[in-house]
Amino acid sequence: MITNSKNPKILVLALSGIGNLLMATPVFRLLKEKWAGCKLTVIVAPRGTKEVLAHNPFVSEIWVEDIKYPLIKRFALIKKIRKGNFDLGIITYPGQSIESAEYLYFGKVKRRIGHQYRYRFLKHLEFLLTDALPVAKIHDVEQNLQLLKSLGITHEKEKTHLDFFLDEESKKKAQSFLQKNNLLGKKLIGFHPGSAANMAYKRWEIEKFAQLADKLSKKYQATSLIFGGKEESPIKEKMQKLMSSPALLVDKNLTTTAAIIKNCFLFISNDSGLMHVAVSQNVPTFGIFGPTDFYRTSPWGKFGHVIKKQGLPCQPCYNVDEPFSCPRNLECLKKLTVEEALAQIKI
């Protein structure tokens, strides 16, 4: 039960990266539909994810917090949560850190919903939560939506799209970029050949990205846009140099990047946050999947598609042990040819 059943104060801990946060956004929409007058506060990590929610009309307040603070700062955050007097707390998936459950428990959040996780010698953290759900073998979007069932919130498929709302300033900057580069009204194909630095094992070879871009550019008479953060500049520049067709590098903040992606008619990416950004903008998005589970993190919805090496016995994979190792030497990516990838891109 929720004590304040009409206008509850809700705290959501969504502390993973850009892609994981986007896959949690249907939860915010459905909570607001259930309780129009609720105050929804979301805690995000200091990983550039705040921009994803900055213009989301379903979110009342965003806190940027590092849940692995030193002890004294942890007490300060607990005090802040207690002061908020929250009726309901939700930990989005993946949120296996014990700190997330601890903050809700010691912050005296009245009802606390999350998933069951093993933690060292503990079978799960259920004792810190009022509602602890088992992790199912389903897409991460559906995993998050499962958290709402105990609140009596069901959903229609069309209301589970990813939400990344763009501000007018970012849209203007995107139009300015297109105009400056004489791209207005032209066919654009977006590419993200990178990934988070600690997940470089998810990247398809840059030479193959360049070859695929050249073939698609010729097929559709399009210009390629190569996306990624500043730390991915060497990858982007290498791809551009390897290409024979026109290609421009995009180096903008996240909301402006999303606004530029919205102008693409096609987006090709490794399994990354920008892949989820693209599908949130209703752009036909093709994610290249190797050592990650396409059943869990594929681009969501009718605009999402998967490119993969067919017929491997180890699929789907989600080998995320640290340090990463693969007994098959990443043949899922290395044996995926440009021609095979091209054959799977149908729009």
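Looking only at strands (runs of 3 or more DSSP E) that lie completely in region 41-118, which have at least 2 residues being under 27 Å from residue 168 (Cα atoms) and assigned by TED's automatic domain parsing to the domain that holds residue 147?
61-64
In this structure, does residue 153 turn out to be in contact (Cβ under 8 Å) with a residue 60 or more places away in the chain, of a type in the set (Val, Ile, Thr), outside any helix (DSSP H, G or I) and surrounded by 20 or more Cβ atoms within 10 Å (Cβ to Cβ)?
no
Which members of region 194-223 meet the condition of being buried (at least 17 other Cβ atoms within 10 Å of the Cβ) and in contact with an Asp or Glu (Cβ under 8 Å, 6 or more places away or on another chain)?
Those that are buried (at least 17 other Cβ atoms within 10 Å of the Cβ) and in contact with an Asp or Glu (Cβ under 8 Å, 6 or more places away or on another chain): 194, 195, 202.
From the residues in region 82-116 that are basic (Lys, Arg) and over 12 Å from residue 41 (Cβ atoms), which one is surrounded by the most Cβ atoms within 10 Å (Cβ to Cβ)?
Selected residue: 112.
Need the failing condition index for residue 204 against (1) under 21 Å from residue 299 (Cβ atoms); (2) in contact with a strand residue (DSSP E or B) (Cβ under 8 Å, 6 or more places away or on another chain); (3) part of a helix (DSSP H, G or I), just the number.
Going through (1) under 21 Å from residue 299 (Cβ atoms); (2) in contact with a strand residue (DSSP E or B) (Cβ under 8 Å, 6 or more places away or on another chain); (3) part of a helix (DSSP H, G or I) one by one, residue 204 breaks only (3).
Counting only residues that are touching a Pro at 6+ places or on another chain (Cβ under 8 Å) and among the charged types (D, E, K, R), how many does region 66-89 have?
2
From 281, 240, which residue is over 30 Å from residue 142 (Cβ atoms) and out of contact with any Gly (no Cβ under 6 Å at 6 or more places or on another chain)?
Sole residue among the options that is over 30 Å from residue 142 (Cβ atoms) and out of contact with any Gly (no Cβ under 6 Å at 6 or more places or on another chain): 240.
Please go through region 36-64 and pick out each residue that is out of contact with any helix residue (DSSP H, G or I) (no Cβ under 7 Å at 6 or more places or on another chain), within 20 Å of residue 104 (Cβ to Cβ) and either β-branched (Val, Ile, Thr) or at pLDDT 95 or above (or both).
39, 43, 53, 60, 61, 63 - these are the residues of region 36-64 that are out of contact with any helix residue (DSSP H, G or I) (no Cβ under 7 Å at 6 or more places or on another chain), within 20 Å of residue 104 (Cβ to Cβ) and either β-branched (Val, Ile, Thr) or at pLDDT 95 or above (or both).
Modelled with pLDDT under 95 and not in a loop (DSSP other than H, G, I, E, B) - does that describe any residue in region 283-294?
Checked against the condition, which is being modelled with pLDDT under 95 and not in a loop (DSSP other than H, G, I, E, B), region 283-294 yields at least one hit.
Out of all the residues in region 219-245, which are assigned to a helix (DSSP H, G or I), more than 26 Å from the chain's Cα centre (by Cα) and within 24 Å of residue 335 (Cα to Cα)?
219, 241, 242, listed by residue number.
Only residues that are touching a His at 6+ places or on another chain (Cβ under 7 Å) and without any contact (Cβ under 8 Å) to a residue 60 or more places away in the chain: list them for region 78-95, please.
Matches in region 78-95: none.
Could you please find all residues in region 34-54 being more than 29 Å from residue 294 (Cα to Cα) and touching a residue at least 40 places away in the same chain (Cβ under 8 Å)?
34, 41
With the condition kept exactly as written, say whether any residue in region 330-341 is in contact with a strand residue (DSSP E or B) (Cβ under 9 Å, 6 or more places away or on another chain), outside any helix (DSSP H, G or I) and under 27 Å from residue 53 (Cα atoms).
Scanning region 330-341, I find no residue that is in contact with a strand residue (DSSP E or B) (Cβ under 9 Å, 6 or more places away or on another chain), outside any helix (DSSP H, G or I) and under 27 Å from residue 53 (Cα atoms), so the answer is no.
The values are calculated or read from the model by the stated rules, or taken from the named source; none is laboratory data. Everything numeric in this text was worked out from a predicted model, so none of it was measured. Reconstructed Cβ throughout: ideal geometry from the backbone, glycine too, with neighbour counts over all protein chains shown.
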